[in-house]
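Heads up, the thing below is written out as structure tokens.
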Amino acid sequence: MIFITAKFQVRPDDSDGWPEITDDFTRATRSEPGCLWFDWARSVEDPAEYVLVEAFRDDEAAVAHVRSEHFRAAQVKLPPHLVDTPRIVNVTVPQDDWSRLGEMAVPGDT
């Protein structure tokens, strides 16, 4: 799978509204056949920082994502709400879902 994590530093005036600003993009991406997940989280230390954790089935799905109409629309819509260019980590991982964190196993959870 293609695993991507990106940090978005949102303009302070837009930070509370970021989920609504990205809603169309998020919904459309989640509906892509090759999207495994596409989840936003807000930093507990910096309320203007959002982290996007996303995964795509394979290279083909990731390429389809960046070529999609909704991705092109996000390239226009999102940058005016940002302080700077998002930072990204993009790697291929030899699995297709989350693994369990064995070091914090919950007794009785299988």
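Where a number appears in this text, it was derived from the coordinates with a stated rule and is not lab data. Since this is a predicted model, take the numbers as computed values, not measurements. We place every Cβ from the backbone using ideal geometry, glycine too, and count neighbours over all the protein chains shown.
The table that follows gives values for the structure above.
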read-out: Matching residues in the range 66-110 - criterion: being closer than 22 Å to Asp24 by Cβ and either in a loop (DSSP other than H, G, I, E, B) or of a type in the set (S, T, N, Q) (or both); value: Arg67, Ser68, Gln75, Leu78, Val83, Thr85, Pro86
read-out: Top-ranked residue of the range 19-43 - restricted to ones that are more than 13 Å from the chain's Cα centre (by Cα) and not aliphatic (A, V, I, L, M), ranked as nearest to Asp58 (Cα to Cα); value: Gly34
read-out: Only one of Val44, Val63, Val53 that is closer than 27 Å to Ile21 by Cβ and assigned to a helix (DSSP H, G or I); value: Val63
read-out: Among the candidates Val91, Val51, residue that is under 15 Å from the mean Cα position of the chain (by Cα), of a type outside the set (Lys, Arg) and surrounded by fewer than 10 Cβ atoms within 10 Å (Cβ to Cβ); value: Val91
read-out: Failed criterion for Ala41 (all others in (1) surrounded by 13 or more Cβ atoms within 10 Å (Cβ to Cβ); (2) closer than 24 Å to Met1 by Cα hold); value: (1)
read-out: Condition broken by Val10, with the remaining ones in (1) surrounded by fewer than 18 Cβ atoms within 10 Å (Cβ to Cβ); (2) over 21 Å from Asp96 (Cα atoms) satisfied; value: (1)
read-out: Meets criteria (part of a helix (DSSP H, G or I) and either out of contact with any strand residue (DSSP E or B) (no Cβ under 6 Å at 6 or more places or on another chain) or farther than 17 Å from Lys77 by Cα (or both)) for Pro19; value: yes
read-out: Unmet requirement for Thr85, which otherwise passes all of (1) loosely packed, with under 10 Cβ neighbours inside 10 Å; (2) touching a residue at least 12 places away in the same chain (Cβ under 8 Å); (3) within 16 Å of the chain's Cα centre (by Cα); value: (2)
